[in-house]
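Data first, discussion second: the structure below is written as structure tokens.
Laboratory data are not the source of any read-out in this text; all were calculated from the coordinates shown. Only a predicted model underlies this, so the values are computations on that prediction, with no experimental measurement involved. No Cβ is skipped: glycine too gets one built from the backbone with ideal geometry, and neighbour counts run over all protein chains shown.
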Amino acid sequence: MTETATNTPTVKLSDAAIRRRMLADFWFHFKQNKGAVAGMIVFVLLVVAAVFAAVIAPHDPTQQYRDALLVPPLWQEGGRADFLLGTDAVGRDMLSRLIYGAQYSLFIGIVVVSIALVGGIVIGMVAGFFGGWVDTVIMRVMDVILAFPSLLLALVLVAILGPGLLNAMIAIAIVYQPHFARLTRAAVMGEKEREYVTAARVAGAGNMRLMFKTILPNCLAPLIVQATLSFSSAVLDAAALGFLGMGAQPPASEWGTMLAEAREFILRAWWVVTFPGLAILISVLAINLMGDGLRDALDPKLKKS
């Protein structure tokens, strides 16, 4: 009696196929969160408005129409069809300024998150990988920064550096850096004792290669989620600094600066305050919802079946 062995052929997937499968799996879990999908749609619209502001905006955001001071929105009595959302105290079109304000929001978010992410990864990687006194010194410095209220510390740093959008972004990035550093450190400490790291070390990989080529790719999921949430916080803090006169300076159409310029007209021209406030609210809420969806899709423990 002869035995017939059935060998099941193993199919090796190409790197491109693996990436497509991972992307499909990510999208499957991401779209389960309806709020995240809605947030992503709003964020995409924000990006489109920022990129194509020159095409979409009906007016130049700094153009002053002296015959149209504090014109109300179109649907209110006294509104005009050429100013859909009304004008501000010096006759600038509100809709155009809101659209161009999206450029400031995206620019602020990208710059702040990039600086905080890169700096936090380097600091956290060094602290988590080497440990000992290096870890202790670095983490105590991060604890000192975290001990201050973020907006207060940002205000102090801007006061030292001087008012302006660039200095405000640098200050906010410094304030957010400890969050990325602590998150990176925790991820590195959980990964550095795993078998693949030991194998790479035995194979002769140096410390730099171990940190940034071997360990870092496996720590990116929580960092991506933190970057998304920090993006929205950066937009909010930059608007707060602009409102206090320490961020973007007039005549910039940054939403916080628009709020600061409109404070004295809040009772007799509600639209000059309401629309920039709504823009900040909707943008921050959309990015936070998208961040929640990314967390659910990237964390295996939170993935919905």
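Numerical summary
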quantity	calculated
Residue count, the range 254-280 (criterion: part of a helix (DSSP H, G or I) and among the charged types (D, E, K, R))	3
Residue match in the range 201-219 (condition: closer than 24 Å to Leu153 by Cα and surrounded by 15 or more Cβ atoms within 10 Å (Cβ to Cβ))	no
Residues of the range 271-302 classified as over 22 Å from Leu106 (Cα atoms) and either touching a Pro at 6+ places or on another chain (Cβ under 9 Å) or of a type in the set (Ser, Thr, Tyr) (or both), total	3
Condition check for Pro251: closer than 18 Å to Asp93 by Cα and outside any helix (DSSP H, G or I)	yes
Some residue of the range 92-105 being out of contact with any helix residue (DSSP H, G or I) (no Cβ under 9 Å at 6 or more places or on another chain) and within 18 Å of Thr257 (Cβ to Cβ)	yes
Output for the range 204-244, where each listed residue is part of a loop (DSSP other than H, G, I, E, B) and either more than 22 Å from the chain's Cα centre (by Cα) or under 18 Å from Tyr176 (Cα atoms) (or both)	Gly204, Ala205, Gly206
Residue that is surrounded by the most Cβ atoms within 10 Å (Cβ to Cβ) [pool: residues in the range 240-255 that are within 20 Å of Ile174 (Cα to Cα) and in contact with a Pro (Cβ under 8 Å, 6 or more places away or on another chain)]	Gly247
Verdict on Phe180 being farther than 30 Å from Pro72 by Cα, of a type in the set (Phe, Trp, Tyr), buried (at least 21 other Cβ atoms within 10 Å of the Cβ) and out of contact with any Asp or Glu (no Cβ under 9 Å at 6 or more places or on another chain)	yes
Test: residue in the range 49-57 that is more than 27 Å from the chain's Cα centre (by Cα) and free of Cβ contacts under 8 Å to residues at least 24 places away in the same chain	no
